[in-house]
Amino acid sequence: MFSPFLVYLTFLTLQAQCTQGSILQSQADLKSYYDFIIVGAGPGGSAVSNRLTEDPNVSVLILEAGGANNDSLTIDVPLLCTKLTPNTQWDWNYTTTPQPNLNNRLVNCLVYTRGSKQNINKWASLTNDSSWGWDRMLPYFKKSEKFNLPVDGHNITNQFNPSFHGFDGYIGVSVPGAGRAIDSRVIQTTQELPDEFPFTPDVNTGDQLGVGWVQALIDRGVRSSSASYFTPQVLARGNLDILLNTRVSRILPSSNNSFNVIEYLDSISGTLKNLTASKEVILSAGTIGTPSILLHSGIGNATTLTSLGITPRINLPSVGQNLTDHIGVSSTWLVNSTLTYDTVLRNATLSETLLRQWEDSKTGINVDTSENHLAFLRLPENSSVLRTFGDPAAGNETAHFEFLFQNGLSQITTSGNYLNIPSGNVSPKSSGSVTINSTNPFDAPLIDPGLLSAEVDIHILREAIRTAHRFVEAAAWSDYILQDLTNATTDAEIDEFIRNNAVSFFHPVSTSAMSPFGTTDWGVVDPDLRVKGVNGLRIVDASVAPSLPAAHTSAAVYAIAEHAADIIKSAYGFL
């Protein structure tokens, strides 16, 4: 799952469940008038478009660069999420700039986590707007969510806390629907070593610390994506159109400093054309795509844009800056078992049988992602790392690192069975940027996540690896672990192991970050998500998050989008 990919992955497919209704076949089918034009049908664009078109008098067009999934098993089967990337039709296959702290190497699998209360309250503090704090955001997390029972029907007592979940939203969330051979060992370890590895029944209550059951973006055994917001009933709305396979190049001004004109590439004629939104353009192109479009539109650092030959229109130096991402590395052990995913991958007949089982009944191991348990943990409060560097986490109840407990590897091996524990630094201090070096808006941007550029981050990862090894030293694993394959024990050896093997966890945020109303020295959007200094342009995606939560980021983006929809409705009197 976390092998050292040579690409930076951002998905470009809508993953629509059908190709009827309001999914247009060509630009010729466009209407002459739209209130809102949304760029991108990921978590931000899908949720906002759905909520805005609840009012039949509001018309919305989505321009999506990707295509429909055409019922692709690779997309729909939860356990096949590891095959979606890299170098597939479903991602952009961007590469990063060489990462000096990863020995110059070039460098999300359905897990649903929200982060800590402190993570979300930090948003409120950074924006000086209480509506972005935990208490006000929790209803939006719940509004997007459709928690559903696991397909195997087992008793899920102490596997989630229903009072913190929504059951009537669009995005399916569930706990595992098939047991793994290591499940009991993970739980037993929390009983043997409760001080260091306490059990928590739900990591999504805002109190995230501990070892618990994975909650994943799964709806009755099927992967739940942003396309879940486009049910047949939603697609039947006459006021929502979606145009696939359409790349946006720039956002252009019309009048009164209003950036409400979309320039896009006509996929049939190969020429650039314009569309105008009567009210707003909403950028939901993601942490990489959104700043790239802004920069090519002349919105960014004026000095840098001028040097590239792009006419600066709005000087916003923060565009593309503050790119923040999680980084992690896997520890792997050879184990005394044949009941791991490695056995499945080496046996084509067994793999096919399990896939047919999923197709026929939505049961079996394919109904889940690649792990049934995870952990969010902190360094000890008296840690020399924290004394030396300070605490990069949002607070003392926020994790420094995460574990995913995987019963086997996600790539085929010739022999052996394995336990794999990816350790992720979920409170990194390092940051990077998204920039451009071309006037061609369809050239790939320069992506520099700046991984491990802050020294504290490698110290946290080093301690995370050591903590993972202490986890499997519990008696629960005494007859299971055969050999440690990390082959690193000293600080220097572990650090070199990290630099040679660590990868992005593909959770980038903050390249169009929110800052308080009236603030001009940093930030790209105000707390209402309007691009500063212009009219008619808003951003709704992961790029607006002012800081990275200690969590997989899809849940946060759905909540941001639900909140954004209410902000927009209120602004135009739709509520």
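Number of residues in segment 254-275 that are assigned to a loop (DSSP other than H, G, I, E, B), under 16 Å from residue 35 (Cα atoms) and in contact with a Lys or Arg (Cβ under 9 Å, 6 or more places away or on another chain): the value is 2. Of the numbered criteria (1) in a helix (DSSP H, G or I); (2) under 25 Å from the mean Cα position of the chain (by Cα), the one residue 496 fails is (2). Among the residues of segment 180-226, those that are within 28 Å of residue 145 (Cα to Cα) and acidic (Asp, Glu) comprise 183, 202, 207, 219. Taken over segment 461-487, the residue count meeting the criterion of being assigned to a strand (DSSP E or B) and open to solvent by 60 Å² or more (accessible area, probe 1.4 Å) is 2.
Considering segment 256-278, the residues that are aliphatic (A, V, I, L, M) and open to solvent by less than 60 Å² (accessible area, probe 1.4 Å) include one that is nearest to residue 26 (Cα to Cα), namely 265.
Reported count of residues in segment 151-168, each being surrounded by 18 or more Cβ atoms within 10 Å (Cβ to Cβ) and touching a helix residue (DSSP H, G or I) at 6+ places or on another chain (Cβ under 8 Å), is 3. Of all residues assigned to segment 65-79, none qualifies as being in a loop (DSSP other than H, G, I, E, B), modelled with pLDDT of 95 or more and buried (at least 20 other Cβ atoms within 10 Å of the Cβ). When residue 328 is tested against (1) closer than 28 Å to residue 393 by Cβ; (2) open to solvent by less than 10 Å² (accessible area, probe 1.4 Å); (3) not charged (D, E, K, R); (4) not in a strand (DSSP E or B), just one condition goes unmet, and that condition is (4).
For segment 365-385, filtered to residues that are open to solvent by 20 Å² or more (accessible area, probe 1.4 Å) and at pLDDT 95 or above, the residue that is farthest from residue 326 (Cα to Cα) is 382.
Among the residues of segment 432-460, the ones that are outside any strand (DSSP E or B) and either crowded, with 20+ Cβ neighbours inside 10 Å or in contact with a Lys or Arg (Cβ under 8 Å, 6 or more places away or on another chain) (or both) come to 14 in all. In segment 127-141, the residue that is surrounded by the fewest Cβ atoms within 10 Å (Cβ to Cβ) out of those that are farther than 19 Å from residue 515 by Cα and touching a helix residue (DSSP H, G or I) at 6+ places or on another chain (Cβ under 8 Å) is 138. List pairs: first in segment 182-196 and of a type in the set (S, T, N, Q), second assigned to a helix (DSSP H, G or I) and surrounded by 13 or more Cβ atoms within 10 Å (Cβ to Cβ), Cβ under 7 Å, 6+ apart or cross-chain? The qualifying pairs are 188/476; 189/471; 189/476.
Can you pull out the residues in segment 373-406 that are basic (Lys, Arg) and over 27 Å from residue 185 (Cβ atoms)? If the condition is that a residue be basic (Lys, Arg) and over 27 Å from residue 185 (Cβ atoms), then 387 is the only one that fits.
In segment 136-147, is there at least one residue being of a type in the set (A, V, I, L, M, F, W, C) and not in a helix (DSSP H, G or I)? The answer is yes; a qualifying residue exists.
If you go through segment 299-325 and keep only what is more than 17 Å from residue 538 (Cα to Cα), assigned to a loop (DSSP other than H, G, I, E, B) and of a type in the set (Ser, Thr, Tyr), you end up with just 311.
Residue pairs whose Cβ atoms lie under 9 Å apart, separated by 6 or more positions or on different chains, with the first residue in segment 496-510 and at positive phi and the second assigned to a loop (DSSP other than H, G, I, E, B) and of a type in the set (D, E, K, R), are 506/325. Is it fair to say residue 312 is open to solvent by 20 Å² or more (accessible area, probe 1.4 Å), more than 30 Å from residue 177 (Cβ to Cβ) and modelled with pLDDT of 95 or more? Here the answer is yes, as residue 312 does meet what is asked. With over 29 Å from the mean Cα position of the chain (by Cα) and more than 30 Å from residue 158 (Cα to Cα) as the only criterion, which of 287, 246, 303 stands out? Answer to the check: 303. Return the only residue of 333, 358 being aromatic (Phe, Trp, Tyr), in a helix (DSSP H, G or I) and surrounded by 20 or more Cβ atoms within 10 Å (Cβ to Cβ). Only one candidate qualifies: 358.
Taken over segment 262-313, the residue count meeting the criterion of being in contact with a helix residue (DSSP H, G or I) (Cβ under 8 Å, 6 or more places away or on another chain) and closer than 18 Å to residue 529 by Cβ is 11.
Residues in segment 191-216 that are open to solvent by less than 10 Å² (accessible area, probe 1.4 Å) and of a type outside the set (Asp, Glu): 11 in all.
Residues in segment 93-126 that are among the hydrophobic types (A, V, I, L, M, F, W, C), buried (at least 19 other Cβ atoms within 10 Å of the Cβ) and not in a helix (DSSP H, G or I) were compared, and the one that is modelled with the lowest pLDDT is 107.
Looking at segment 169-182, which of the residues that are open to solvent by 20 Å² or more (accessible area, probe 1.4 Å) and more than 18 Å from residue 362 (Cβ to Cβ) is nearest to the chain's Cα centre (by Cα)? Top of the filtered list is 170.
Taken over segment 361-408, the criterion of being assigned to a helix (DSSP H, G or I), of a type outside the set (A, V, I, L, M, F, W, C) and touching a Phe, Trp or Tyr at 6+ places or on another chain (Cβ under 9 Å) is satisfied by 366 alone.
The values are calculated or read from the model by the stated rules, or taken from the named source; none is laboratory data. Here the structure is a predicted model, which is why all the values come from computation and not from measurement. Every residue, glycine as well, gets a Cβ built from its backbone with ideal geometry; the counts of neighbours run over all protein chains shown. We work out accessible area using only protein heavy atoms, side chains counted, and drop any ligands, DNA or RNA first. Shrake-Rupley method; radii C 1.70, N 1.55, O 1.52, S 1.80 Å.
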